[in-house]
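First the structure, in the form of structure tokens, and then the observations on it.
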Amino acid sequence: MKTPKTFTIVTFGCQMNKSDSELMEISLLQEGFVKSTTYGDIIIFNTCSVRKHAEDRALAHIIEARNAYKNSIIVVAGCMAQRLSRELKSNYGVDLVVGPYHSPAIGSIIKNFIQHQSNGEYISQDVKDFVSRIHPSLATHKDDLPWHKWVTISHGCENYCAYCIVPYVRGKLISFPSQQIIDYCKLLIGNGITEITLLGQNVNQYGQDSGDIPFYTLLEKIAQLPGLYKLNFITSHPKDFNIEILHVINNNPVIARSIHLPLQSGSDTVLQAMNRQYTMKHYYTIIDAIHKLLPMASISTDLIVGFPGETQKDFEDTINAVRTIQFDEAFTYKYSPREGTKAFTLPDSVPDTAKQERLDMLIQTVREISQKRLMNHIHTTTDMIVERISKKSEDEVMGKTIYNHPIIIKGAKEDIGKKYTVTIVSLKGSTLYGERSA
Ligand code: SAH
Ligand code: SF4
Ligand code: F3S
């Protein structure tokens with residue numbers, strides 16, 4: 001048999017997975033494998049377990065690939081590899097399972113597997129097996145937007161929200177050393193990167209495991225590196241978010257005026273059952289502080305409907321919270337039971353039809369509010385970074401404002417990656433239209 005050479009990576013799930021896939025690609029290239037746009041000798045699925053639907057989708061791709069490519073090496077990496085591990089090999093004919101601790105070293109892992117030096121299972125969560133996400137080779141690797149980079153500052157999560165599989169599949173919180181992160185950001189900026197997004201399951205907990213500087217200090221140090229146009233960060237957690245972060249944003253115009261603060265539910269009873277460790281009162285305190293310090297800032301959130309025991313009244317509390325807070329954007333989900341989590345032991349009490357009704361109503365409410373929030377920006381002036389030619393017109397370009405709202409202005413290919421000051425003139429659908437200031 002010829003030595004397997006070409007590889008394809010198919011990525012599911014969140015930004016953390018997309019970022020891991022980049023590292024996996026670098027690792028494979030470094031070991032001499034060749035990237036292919038079609039399924040080749042090695043087919044890798046970087047998977048997500050956050051909801052059942054995410055796993056079902058990945059499994060359908062895995063089954064299809066196994067059937068059609070009998071001689072290829074099928075690799076499952078990421079969160080579902082960690083969760084199902086051996087089952088993927090015995091029930092789905094997968095050759096190799098590689099959990100998140102190991103995935104950035106996948107090149108040498110596959111090489112060893114080909115040379116019959118392993119049993120094809122890499123799912124340990126022993127700290128000694130953890131491969132860091134800060135990797136200088138990433139600095140020259142191009143993102144979808146060539147001036148933008150995701151920078152993972154911490155891995156894993158120890159919050160154990162009752163519904164969530166992430167702590168089990170990603171393991172405990174590991175914050176990377178601040179000096180390494182800052183040096184890496186400097187390297188990126190030196191290579192022409194002008195926009196950075198700091199990434200972690202709960203970035204506000206940064207350093208709590210290692211005794212490193214707190215998140216707001218790290219944010220400030222990176223914001224002050226010369227050459228940056230824009231600095232974003234996701235995700236925040238209401239129990240750890242603090243006023244210092246808002247002061248740092250306020251003092252550093254380069255930081256996006258856009259805060260993603262998952263609420264999950266507007267009912268204190270449900271929040272407690274979810275083990276979110278904050279009350280609505282606390283959440284409103286943060287919202288008030290944001291309004292005081294950063295009155296125009298956009299606030300986005302995640303919401304789950306149909307958590308076990310959620311009554312119609314609890315759901316109405318969520319709707320009322322959404323109306324009171326006036327989120328600019330909300331990612332809304334139907335609760336999906338995940339084996340191994342605390343909520344899995346509770347009866348999935350809300351029937352799917354009710355979950356769907358609640359979801360539809362929530363989406364409708366969120367949509368109306370986002371529209372109104374966007375209207376407030378008309379006649380204001382803001383900075384934007386141009387991302388691409390508009391899909392609708394050749395002489396228009398689309399980008400994002402400092403509030404991370406999509407915006408269209410007149411422009412051409414040469415404007416891509418540039419930062420402009422614009423005045424917003426109108427709103428069509430959910431897109432703002434602006435004009436460049438002289
Ligand atoms: N660490 C981030 C993201 C976690 S996953 C955070 O804490 O916000 C992204 C979102 O998926 C969560 O915010 C939650 O709204 C949703 N989610 C997680 N587990 C879920 C489940 N079992 N069912 C439905 N939605 C879920
Ligand atoms: Fe999951 Fe909660 Fe951790 Fe977010 S904070 S990853 S929702 S356990
Ligand atoms: Fe991300 Fe899904 Fe894993 S949301 S952390 S890829 S379970």
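Key figures
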{"quantity": "Top-ranked residue of region 93-122 - restricted to ones that are of a type in the set (Ser, Thr, Tyr) and surrounded by 18 or more Cβ atoms within 10 Å (Cβ to Cβ), ranked as nearest to Ser27 (Cα to Cα)", "calculated": "Ser103"}
{"quantity": "Given (1) touching a Phe, Trp or Tyr at 6+ places or on another chain (Cβ under 8 Å); (2) more than 16 Å from ligand 1 (Cβ to nearest atom), index of the condition Thr152 fails", "calculated": "(2)"}
{"quantity": "Count of residues meeting criterion [within 11 Å of ligand 1 (Cβ to nearest atom) and either buried (at least 22 other Cβ atoms within 10 Å of the Cβ) or hydroxyl-bearing (Ser, Thr, Tyr) (or both)] in region 41-54", "calculated": "2"}
{"quantity": "Region 109-134, subset touching a His at 6+ places or on another chain (Cβ under 9 Å) and of a type outside the set (Ser, Thr, Tyr), residue nearest to Cys79 (Cα to Cα)", "calculated": "Ile123"}
{"quantity": "Condition check for Gly78: away from ligand 1 (no atom under 16 Å from the Cβ), at positive phi and not assigned by TED's automatic domain parsing to the domain that holds Glu339", "calculated": "no"}
{"quantity": "Filtered residues of region 146-169 (kept if closer than 15 Å to Ile189 by Cβ, part of a loop (DSSP other than H, G, I, E, B) and not aromatic (Phe, Trp, Tyr))", "calculated": "Pro146"}
{"quantity": "Qualifying residues in region 1-47 (those that are within 26 Å of the chain's Cα centre (by Cα) and of a type in the set (Asp, Glu)) - the one nearest to ligand 2 (Cβ to nearest atom)", "calculated": "Asp20"}
{"quantity": "Residues of region 312-347 that turn out to be more than 14 Å from ligand 1 (Cβ to nearest atom), without any contact (Cβ under 8 Å) to a residue 40 or more places away in the chain and either touching a Leu at 6+ places or on another chain (Cβ under 8 Å) or outside any helix (DSSP H, G or I) (or both), as a count", "calculated": "1"}
{"quantity": "Count of region 186-203 residues which are assigned to a helix (DSSP H, G or I) and under 25 Å from Pro262 (Cβ atoms)", "calculated": "1"}
{"quantity": "Any hit, region 211-233, residues being touching a residue at least 40 places away in the same chain (Cβ under 8 Å), under 23 Å from Asp302 (Cα atoms) and assigned to a loop (DSSP other than H, G, I, E, B)", "calculated": "no"}
{"quantity": "Residues (exposed (fewer than 14 other Cβ atoms within 10 Å of the Cβ) and assigned to a loop (DSSP other than H, G, I, E, B)) located in region 395-423", "calculated": "Asp395, Ala412"}
{"quantity": "So Leu246, is it touching a Cys at 6+ places or on another chain (Cβ under 9 Å), away from ligand 2 (no atom under 16 Å from the Cβ), farther than 24 Å from Thr365 by Cβ and at pLDDT 95 or above", "calculated": "no"}
{"quantity": "Lys392 vs. criteria over 24 Å from the mean Cα position of the chain (by Cα), exposed (fewer than 14 other Cβ atoms within 10 Å of the Cβ) and not assigned by TED's automatic domain parsing to the domain that holds Asp317", "calculated": "yes"}
{"quantity": "Failed item in (1) within 13 Å of ligand 3 (Cβ to nearest atom); (2) of a type in the set (Asp, Glu); (3) over 26 Å from the mean Cα position of the chain (by Cα), with Asp95 passing the rest", "calculated": "(1)"}
{"quantity": "Region 259-276 - residue that is under 30 Å from Lys230 (Cβ atoms) and touching a helix residue (DSSP H, G or I) at 6+ places or on another chain (Cβ under 8 Å) and, of those, farthest from ligand 3 (Cβ to nearest atom)", "calculated": "Ile259"}
{"quantity": "Residue count for region 152-196, restricted to those that are more than 16 Å from ligand 2 (Cβ to nearest atom) and either in the same structural domain as Gln277 (by TED's automatic domain parsing) or without any contact (Cβ under 8 Å) to a residue 60 or more places away in the chain (or both)", "calculated": "19"}
{"quantity": "Flag for Pro253 being surrounded by fewer than 21 Cβ atoms within 10 Å (Cβ to Cβ) and either among the small types (Gly, Ala, Ser) or within 16 Å of ligand 2 (Cβ to nearest atom) (or both)", "calculated": "no"}
{"quantity": "Flag if Lys149 is buried (at least 23 other Cβ atoms within 10 Å of the Cβ), more than 15 Å from ligand 2 (Cβ to nearest atom) and not hydrophobic (A, V, I, L, M, F, W, C)", "calculated": "yes"}
{"quantity": "Qualifying residue in region 63-73 (condition: in a helix (DSSP H, G or I), in contact with a strand residue (DSSP E or B) (Cβ under 9 Å, 6 or more places away or on another chain) and within 16 Å of ligand 1 (Cβ to nearest atom))", "calculated": "no"}
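Residue by residue, here is whether (1) closer than 30 Å to Ile255 by Cα; (2) touching a residue at least 40 places away in the same chain (Cβ under 8 Å); (3) surrounded by 14 or more Cβ atoms within 10 Å (Cβ to Cβ) holds:
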residue: Ser349; (1), (2), (3): no, yes, no
residue: Thr353; (1), (2), (3): no, no, no
residue: Val366; (1), (2), (3): yes, yes, yes
residue: Ser370; (1), (2), (3): yes, yes, yes
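The values are calculated or read from the model by the stated rules, or taken from the named source; none is laboratory data. Because the structure is predicted, anything quoted here is derived from the model rather than measured. Cβ sites come from the backbone with ideal geometry, for glycine too, and all protein chains shown count toward neighbours.
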